[in-house]
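Remarks on the structure that follows.
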Amino acid sequence: MLYYFFVIIIGIFTQKLLTTDIKNGFNPMRNFYSEVCDLYYFNTKGESVQMNLKETIELLNNKISENSELIKNEESTKQFLVLPLLKGLGYDTYSPQEVTPEFTADFHKKNEKVDYAISINGQPRIFIEAKSINMKINKSAPQLSRYFSTFPSVKLGILTNGIEYHFFTDLNNSNIMDSKPFFIFNIINHNEEDFENLIKFSKNLYDQETVKILAESLIYFQSFKSVIKEIFESPNDDFIKFVIKERFKFKVTQQFINTSRPLIVKSIQEAISEVISEKFNIDTSQSSQEIAVTSIEDVTKEEKKVYFTQDEIDSLGKFEEFEGVTIVLPNPDSYIKLLKLTSEEYSVEKGNPLSDFFISSVVTQGSTIVGYLVGQYVNQKEDIKLYTVKSNEIAKFLDENPILKETGFINARLGSRFNKNNNETTYFLKSCLNNLSFRDIPNLISKIEDTEKFF
């Protein structure tokens, strides 16, 4: 009861002061500071710090927008923005033993003083350098760094203009302030995580070891996030090579790295969607499919290239059909359709299984591709029908199979060469993996000696 009595008395007293202000001529800055100070009167416990800090930040945010023209210089910034926040963090700004203004810190230059030194257990622990609200504070870090290196007991430097608070420590070299802040808090623009981190600098919670751990985690987190974001948006050659090597044993060429780059980007997008879907039970299939289709359409329109995804390459399986001939079949569950762009070119579109034809094996004699073993899914893909086609008769084979000519192969596209000497065009098949020959897919190669017997 006594507690509430004092609260009522203080409320009446405060209201009386404000009423007197209005009668004697309203001063918005005096009223602002009175409001802020009232928030901290009972600020003695950790829980109160959190509550009052949030109220303080909200109040400061509002007052900055309402009174920014009145906070013109460094002194007003310190008085009306910096000190209230320190009070919100639980520090006694009326005690020079705890918050010391104009603290002499730099012994190398005369007449230089740090704006505020916060002492804990009689030792300076935090240095604060404040600048005008209108000043960009990045260039003032060297000045704070000089102060920082003077006292080994100081492990936290704060540089602020009343809106932005840059927090520095000495992770790289002991007693030498890092050049970049490990944490930035913005009064106007911050999220809940920023607020939770700010609480850790309050009087009741502040601990140098905790600050060091927080600084390390934030620095590493931001660095890792930056690298991962760069890789997600534009994977470098090393990352692409790493992904390929995790699944394939063949030699990775620069050409194949360039070919795989958009596939890796697409794989990252789909993997993230799947993780989100599994973790939070969210259906991301539609958005993922839209991303995939858009990516393929963009590549097709802009670069005129054709790609397989990594999963589609992984899905290739083997079985023995003829002695000495290994036949490689795509998994029908991972189906590819070839759309005819022109009379001589095909491209890949995932998810529309209209074509039943695929190249199951490339027949070579020496280093020359002499023919193809063409597979066709029949009986709703339960059975396989095989055709042997000589490389110079592929155009004839297309004409004899109108469905194939209309839909194309699953894993190949038609190429052509024009001979100026005899004005003849010859046709051949090439891999749908852009810039990758059938010869670069070892599982597809079938070396035979007696071609006549095979065909």
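Please treat every number below as a calculation from the coordinates, not as lab data. Just so you know, these numbers come straight off a predicted model, no measurement behind them. Quick reminder, even Gly has a Cβ in these numbers, built from the backbone with ideal geometry, and neighbours come from all protein chains shown.
The label-point distance for Q123 and S437, in a model that sets each label 7 Å from Cα toward Cβ, rounds to 7.1 nm.
Can you work out the FRET efficiency for the pair Y220 and I445, with r the C-beta to C-beta distance and R0 = 56 Å, to the nearest 0.05? With a Förster radius of 56 Å, E is 0.75. As a proxy for reagent exposure, F239, F168 were ordered by neighbouring Cβ count within 10 angstrom, fewest first; the result is F239, F168. Among V252, V99, a tally of other beta-carbon atoms within 10 Å of each Cβ gives an order, fewest to most, of V252, V99. In this label model, E75 and N172 are separated by 3.7 nm, measuring between points 7 Å along each Cα→Cβ vector.
Only sites in a loop by DSSP and with at most 10 other Cβ atoms within 10 Å count here; which trypsin sites (Lys or Arg not before Pro) in the range 76-178 make the cut? Of the trypsin sites (Lys or Arg not before Pro), the ones in loops of the range 76-178 whose Cβ has at most 10 other Cβ atoms within 10 Å are K109, K110, K136. Calculated translational diffusion coefficient of the range 39-225 (10 °C, 1.306 mPa s; Stokes-Einstein with Kirkwood radius over alpha-carbon pairs) equals 95 µm²/s.
So between F248 and K212, what do we pick up on full extension, going 0.36 nm a residue minus the alpha carbon distance? Provide the component values of the computation, followed by the final result.
Numbers: separation 36, 0.36 × 36 = 12.96 nm, distance 4.26 nm.
Gain on stretching F248 to K212: 8.7 nm.
On full extension, the segment bounded by E233 and I403 gains 57.3 nm, given 0.36 nm per residue less the C-alpha separation.
Residues whose amide H falls under 5 Å from that of I120, counting only those 5 or more places apart or on a different chain, are R125, with hydrogens built in the peptide plane.
Summing charges over all other residues whose Cβ lies under 10 Å from the Cβ of V154, with Lys and Arg as +1 and Asp and Glu as -1, gives +1. Exposure proxy ranking for S153, S361, based on other Cβ atoms within 10 angstrom of each Cβ and starting from the fewest, stands as S153, S361. Less than 5 angstrom separates the built amide H of I445 from those of V362, all sequence-distant by 5 or more or on a different chain.
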